[in-house]
Amino acid sequence: MRFFAYFMISDKKNVWQAYHSLSGEEFIKLGFADKPNYELLREFCYERIGVENFPRVLHWVVKETGVLLKKQGVKLGGYVFEDATDIRALKDDAEAEYSGYYKHSGYKLDKTIDKETGIPLDYKPMGINDNEGKNLGSSQKTVKNLCLKEKTRVVDCKYATLENIAHSEIHGVSLYYKIAKSWKYKKEGKPSEIKKIYQKYHHEDDFKVDPGLDFMLVYLYHKKEYTAVGSYFRNLRMVEYEEHPEGYMDICYQRGGYMEGDIGRMKLTTLLDDHPGRRGWKSFLLRVGMTMLSLAFTALIRVQNGITCGLANVTYIT
């Protein structure tokens, strides 16, 4: 695993390059008795772990990092940003789709990061024309499974579906997003309408007479009344925006500026650039997996050495 971590955080594009970049003495520093056989390391990285398991390794590293940070008084995963970025493919990549929006062929990476540390918490490789909004629920589930207590998530409008809004707020996560000019207050989200919709279930065994609004919202969410529940919480965000527009937009602009800078830095310092070595979906999975793991391993190594700032910046790690 130490060699695997080195492979991830180095600028080497494959195990062969990483293997031959280390001397026998350096392998011993990594914990080997002597220089191992190349085929052994190749099999471990590509077959025992494999690209399909890179997300699982990431989550293991993040969970361990969160435990260490907590001991140092730093809470991971409380304030989260999520965004997707397009990744250009090589010319004539038969597996890459063309996007009329981005004006090129390629793929897309959906990334969830901790606002305070920049540590990636989850990622989803996608087709360039896929809808990133569908990833929000699974991302929030992953953060919860990492034993992290997410309280706030900031996203763009593509994630702000009524179902996603309902899912986030019902599960205790305050979801922030830009308020579109075309949005209007939805009648279904009024408390009086919530009560009317709730009354439709008066024949159900779990129906309660005269419950509070919070109970009705949770109840209707589990009945898949996402439009009503999501509208209620979106109406509240619209009120918040109208009463404090500058403060609300500051929250949204922080996410936009941070994520743009983060993606730009990644494309300069990791394998996630516009010059992929190979074509195809599997090659893309390898690149994004190595990129995310390089950030996670970098953070873990820094925290293990008592550092709590600049955790996911790989510029000076190697």
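The values are calculated or read from the model by the stated rules, or taken from the named source; none is laboratory data. Values in this document were obtained by computation on a predicted structure and should not be read as measured data. Heads up, the Cβs are rebuilt from the backbone with ideal geometry, glycines too, and the neighbour counts pull from every protein chain shown.
Structure data summary
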| read-out | value |
| --- | --- |
| Meets criteria (of a type outside the set (Lys, Arg) and touching a strand residue (DSSP E or B) at 6+ places or on another chain (Cβ under 6 Å)) for Asp156 | no |
| Some residue of the range 105-124 being out of contact with any helix residue (DSSP H, G or I) (no Cβ under 9 Å at 6 or more places or on another chain), of a type outside the set (Asp, Glu), over 25 Å from Ala296 (Cβ atoms) and not in a loop (DSSP other than H, G, I, E, B) | yes |
| Subset of the range 205-261 (residues that are over 17 Å from His171 (Cα atoms) and of a type in the set (A, V, I, L, M, F, W, C)) | Phe207, Val209, Met238, Val239, Met249, Ile251, Cys252, Met259 |
| Residue list for the range 259-280, restricted to those being at negative phi and either in a loop (DSSP other than H, G, I, E, B) or modelled with pLDDT of 90 or more (or both) | Thr270, Leu271, Leu272, Asp273, Asp274, His275, Pro276, Gly277, Arg278, Arg279 |
| Checking Tyr123 against (1) in contact (Cβ under 8 Å) with a residue 12 or more places away in the chain; (2) out of contact with any strand residue (DSSP E or B) (no Cβ under 6 Å at 6 or more places or on another chain); (3) under 23 Å from Ser294 (Cα atoms), the condition it does not meet | (2) |
| Gly256 vs. criteria small (Gly, Ala, Ser) and either assigned to a helix (DSSP H, G or I) or in contact with a helix residue (DSSP H, G or I) (Cβ under 7 Å, 6 or more places away or on another chain) (or both) | yes |
| Condition check for Lys158: out of contact with any Ser or Thr (no Cβ under 7 Å at 6 or more places or on another chain) and modelled with pLDDT of 95 or more | no |
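Residues are listed down the side, and each one gets a yes or a no for (1) without any contact (Cβ under 8 Å) to a residue 40 or more places away in the chain; (2) under 30 Å from Lys190 (Cα atoms); (3) crowded, with 16+ Cβ neighbours inside 10 Å:
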position: Glu225; (1), (2), (3): yes, yes, yes
position: Tyr232; (1), (2), (3): no, yes, yes
position: Glu242; (1), (2), (3): yes, yes, no
position: Pro245; (1), (2), (3): yes, yes, no
position: Arg255; (1), (2), (3): no, yes, yes
position: Gly277; (1), (2), (3): no, no, no
position: Leu295; (1), (2), (3): no, no, yes
position: Ala299; (1), (2), (3): no, no, yes
position: Ile307; (1), (2), (3): yes, no, no
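Conditions (1) β-branched (Val, Ile, Thr); (2) farther than 25 Å from Tyr6 by Cα, marked per residue:
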residue	(1), (2)
Val209	yes, yes
Tyr221	no, yes
Gly230	no, yes
Met238	no, yes
Gly256	no, yes
Lys267	no, no
